[in-house]
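Below is one structure, written out as structure tokens; comments come after it.
The values are calculated or read from the model by the stated rules, or taken from the named source; none is laboratory data. Everything numeric here is computed off the predicted structure, so don't read it as measured data. Note that we place each Cβ from the backbone using ideal geometry, even for glycine, and neighbour counts take in every protein chain shown.
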Amino acid sequence: MRGSLRSSALRTVALASGITLLGGASAHAAVDQKVTASQAVAQSCHARNLNGAAGTQSVTTTAPDTGLIRARLSGGGDWDLGVFDANSGRFVAGSASFGSNELAEGFVKGGQKLVVQACRFRGDATSADLSVGFVKIAEKTTGKVQLVRVDTTRKDKDALQSLGLDLTEKASKNSVDVVLHDQADVKTLDKQLEKALKEEFSEANIVRADPRLRNTVGIVLKHLAAREPHLNLPLDIRATAFQRQVWEKLRAIPYGETVSYGDVAKALGNPGAVRAVGHACATNPVALVIPCHRVVREDKSLGGYRWGLERKRRLLETEKARAAKE
């Protein structure tokens, strides 16, 4: 994405709500160490706590306050990251991009015991650098609070912060998570995104059309609730020839099924283009309509998802359950 808060910035996704969050955030570092694994094992690092299985090393820690856990992994090779509740085994956060630069970030409660799991997926690197920190979220207001993801650039993140919005510093080159504490924050972000839309389409007549969009939003909500499995909405997006080819293949994946990145590459007649397919999935600007969440790794583990692995997991589980009833 180039320019200031391009149209992709208008795609904000609600990640959490109904939580009382903070006005000012303070960071606390808990773990900073090297993790090692003598062998690489192609296994899902975020499906469950592997309890010290081959190819993994785990670290336990306790959240000092209610807020965000931010686990980072860096180094060579291809390492993945998963965070789980130590008592229940519940998934908290995860990251499984190509390479070993990972960030897993999620909400935790003060006193919650956690297992941070690093997994060597492939490659020759026997070690990686792990750091775990916590961001305390202090009370600012009560009521509905939202965490939304805004696709943008580093420069535009600074612009959002200058508006007084609470950024979580989500480590992504193309996005940032913003905490919206109240309706005033919602309106501030809304005005900035509308301004960006007008800048990108400077010759267009931009008007709000909430009533006209209600039907489309309703269709999407029914789809998410597994009441409308076939999501067929019109698209008007920019894409390279290769991206368009990949995205068309993704739209052909049946509801309730998955394929691998390699399967998509083979379907395109280019079996060596696995990483290029992964990149095309990662740059998909339209979740659900172009169902990149239905593409997984060869070993059936989730792989990556720009809108979060937990969301990808839930989408696939919902679709599988709905398809099984048909």
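Quick notes on this one:
- Of Ala321, Ala280, Ala287, all but one fail to be touching a residue at least 24 places away in the same chain (Cβ under 8 Å), surrounded by fewer than 17 Cβ atoms within 10 Å (Cβ to Cβ) and not polar (S, T, N, Q); the exception is Ala321.
- Here Pro254 meets the list (1) of a type outside the set (Gly, Ala, Ser); (2) under 14 Å from the mean Cα position of the chain (by Cα); (3) more than 29 Å from Asp177 (Cβ to Cβ) almost entirely, failing just condition (2).
The rows are residues; the columns are (1) among the small types (Gly, Ala, Ser); (2) at positive phi; (3) assigned to a loop (DSSP other than H, G, I, E, B).
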| residue | (1), (2), (3) |
| --- | --- |
| Arg72 | no, no, no |
| Asp80 | no, no, no |
| Phe84 | no, no, no |
| Asn87 | no, no, yes |
| Gly94 | yes, no, no |
| Leu103 | no, no, no |
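- Set side by side, the residues Pro291, Pro234, Pro285 differ, and just one is within 21 Å of Leu221 (Cβ to Cβ) and within 13 Å of the chain's Cα centre (by Cα), which is Pro285.
- Cβ-Cβ under 8 Å pairs, at least 6 apart or on other chains, the stretch 25-36 side closer than 10 Å to Ser131 by Cβ, far side at pLDDT 85 or above and not in a strand (DSSP E or B): Ala30/Pro64
- Qualifying positions in the stretch 219-228 - surrounded by fewer than 12 Cβ atoms within 10 Å (Cβ to Cβ) and more than 23 Å from the chain's Cα centre (by Cα): Arg227
- Checklist (1) modelled with pLDDT under 75; (2) outside any loop (DSSP other than H, G, I, E, B) applied to Lys170, failing item: (2)
- Selection over the stretch 290-306 of residues that are more than 16 Å from Ala42 (Cα to Cα) and touching a residue at least 40 places away in the same chain (Cβ under 8 Å) gives a count of 6.
- Within the stretch 56-108, the set of residues being touching a residue at least 60 places away in the same chain (Cβ under 8 Å) and of a type in the set (A, V, I, L, M) comprises Val59, Ala63, Leu68, Ile69, Ala71, Ala93, Ala96, Leu103.
- The stretch 290-318, residues that are part of a helix (DSSP H, G or I) and exposed (fewer than 15 other Cβ atoms within 10 Å of the Cβ): Arg314, Glu317
- Pairs meeting the criteria (first residue in the stretch 210-223 and over 14 Å from Ala287 (Cβ atoms), second residue part of a helix (DSSP H, G or I), beta carbons under 7 Å, at least 6 apart or on different chains) are lacking.
- Scanning the stretch 74-82 finds one or more residues that are crowded, with 19+ Cβ neighbours inside 10 Å, in contact with a His (Cβ under 8 Å, 6 or more places away or on another chain) and among the aliphatic types (A, V, I, L, M).
- Out of Leu231, Leu189, sole residue that is closer than 26 Å to Leu309 by Cα, touching a His at 6+ places or on another chain (Cβ under 6 Å), in contact (Cβ under 8 Å) with a residue 24 or more places away in the chain and surrounded by 15 or more Cβ atoms within 10 Å (Cβ to Cβ): Leu231
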